[in-house]
Amino acid sequence: MSLNSFGHMFRFTTWGESHGPALGAVVDGCPPGLALSEADLQPFLDARRPGQSRFTTQRQEPDQVRILSGVFEGRTTGTPISLMIDNVDQRSKDYSEVAKAYRPGHADYAYDAKYGLRDFRGGGRSSARETAARVAAGGVARLVIPEVAILGWVSEIGGDAIDPANFDAAEIARNPFFCPDASAAARWEALVDTARKAGSSLGAVVECVASGVPAGWGAPLYAKLDAELAHAMMGINAVKGVEIGDGFGAARNTGEGNADPMRPSSGEGPQFLANHAGGIAGGISTGQPIRVRVAFKPTSSILTPVPTIDRDGAAAEIMTKGRHDPCVGIRGVPVVEAMMALVLADQKLLHRGQCG
């Protein structure tokens, strides 16, 4: 039984571990004839790459992607596309203590309970390093949905949120936090620095909007577009919550307040006066922007000593040595964007397969 794959018609499988020789993805179901080169994928990997500021892990990985199959003379062939990223800066010795005891909040104990063994070097498959493969696959997915624009950003770190009135999309690329609010980014420097120097970590909220999605993608009941998105986002390492549109805010609203009123328009489809539903109704896209919020927990690998047990069940205490993100949600932005692209590419092909 394989549970390392995601998608229906546009499907990808990731492989590899944090401290193995390489990791990667196999993308199956990509239509033929699309122009694709490694240069098309590299910018997305560069955005996620570690070691670019003091606010992320200092592991130095170039994350250079190689296309091993599925492309001929610069175009996709319709056959599986194999993508590989070499690991070049592993320090497995940093995890000698992790081999003996479990890190609370991490997947160490759960993996041992399930498999009876685990790769303790960086967490193996449970490491956020696995998401590099998803980002590469997401770059391929974007080629399938050229009509869609996807933008992600960090909206909150450690409980400190941006001011929506200060939102500036151009600002996202100007700071190391993917933050659209310059004043919030300035505050976050001190916030994350304090946590990092204390050997602790912080959580974050990432928001992502997909514009240009036409009405009609998705399916009722068991393949709802919002359910597929929730599945995709919850599968990202360290994610503990997902909201579509107003999410939990809808539970605090009234029926009339939560409605997305419609008026006639001169173009195709209605004019919506609100978007509380996040661009999805009945599991099907409405043509409005699709909005998702994703909650990342604080990084579990911290330098602060925490009570735990060892593999024999005896009391122990552990602090995780090595290089870790003080706020893993920062580099979660390219991953959330990639999963959005992967879901939408799959849904586009499913819609075309059923409805033409």
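The values are calculated or read from the model by the stated rules, or taken from the named source; none is laboratory data. Keep in mind it's a predicted model, so treat the numbers as computed, not measured. Cβ: placed from backbone, ideal geometry, glycine included. Neighbour counts: every protein chain shown. All accessible areas refer to the heavy atoms of the entire protein, side chains included, with ligands and DNA or RNA removed. Shrake-Rupley method; radii C 1.70, N 1.55, O 1.52, S 1.80 Å.
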Query - Computed P(r) (all Cα pairs; the stretch 209-356; 5 Å bins; percent) - result: 2, 8, 15, 16, 15, 13, 9, 7, 6, 5, 3, 2, 1, 0, 0
Query - Segments 232-238, 158-164 sorted - mean Cβ within 10 Å per residue, highest first - result: 232-238, 158-164
**Report entry** Alpha-carbon centroid distance for the pair the stretch 3-33 / the stretch 138-168, whole angstrom
**Finding:** 23
**Report entry** Expected 222 nm ellipticity per residue - DSSP helices of 4 or more, -39500 (n - 2.57), all of the chain, to 500
**Finding:** -7500 deg cm²/dmol
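When a/c is below 1.5 the answer is rounded, else prolate if a/b is larger than b/c, else oblate, so apply that to the stretch 218-272 with a ≥ b ≥ c taken from the square roots of the Cα gyration tensor eigenvalues.
Because a/c hits 1.5 or more and a/b fails to exceed b/c, the stretch 218-272 counts as oblate.
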Report task. Within the stretch 317-356, which residues have the backbone N less than 20 Å from the label spot 7 Å out from residue 147 along Cα→beta-carbon, could you tell me? Result -> 340-356
Report summary line: Rh (Kirkwood, all Cα-Cα pairs) for the chain, Å, reads 21.4
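What's the FRET efficiency of residue 88 with residue 274 using the Cβ-Cβ distance as r and R₀ = 51 Å, to the nearest 0.05?
Between residue 88 and residue 274 the formula returns 0.55.
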Report summary line: From the Cα centre of the stretch 181-242 to that of the stretch 276-302, the distance in Å is 7
Report task. Work out, step by step, the length gained on full extension between residue 190 and residue 265: first 0.36 nm times the residue separation, then minus their alpha carbon distance; give nm to one decimal. Result -> 22.2 nm
Query raised in the report: If the label point is 7 Å along Cα→Cβ of residue 182, which residues in the stretch 127-165 have backbone nitrogen under 17 Å from it?
Result: 162-165
Query - Accessible-area composition of the stretch 125-172, carbon plus sulfur, in percent [1.4 Å probe] - result: 54
Query raised in the report: Which is the longest stretch in the chain that no exposed loop site breaks, taking sites as GluC sites (Glu not before Pro) with a DSSP loop state and at most 11 other Cβ atoms within 10 Å?
Result: 148-267
Query raised in the report: Averaged per residue, what accessible surface does the chain expose to a 1.4 Å probe, in Å²?
Result: 46
Report task. Just the number, please: carbon plus sulfur as a percent of the accessible area of the stretch 213-344, 1.4 Å probe, no ligands or DNA/RNA counted. Result -> 56
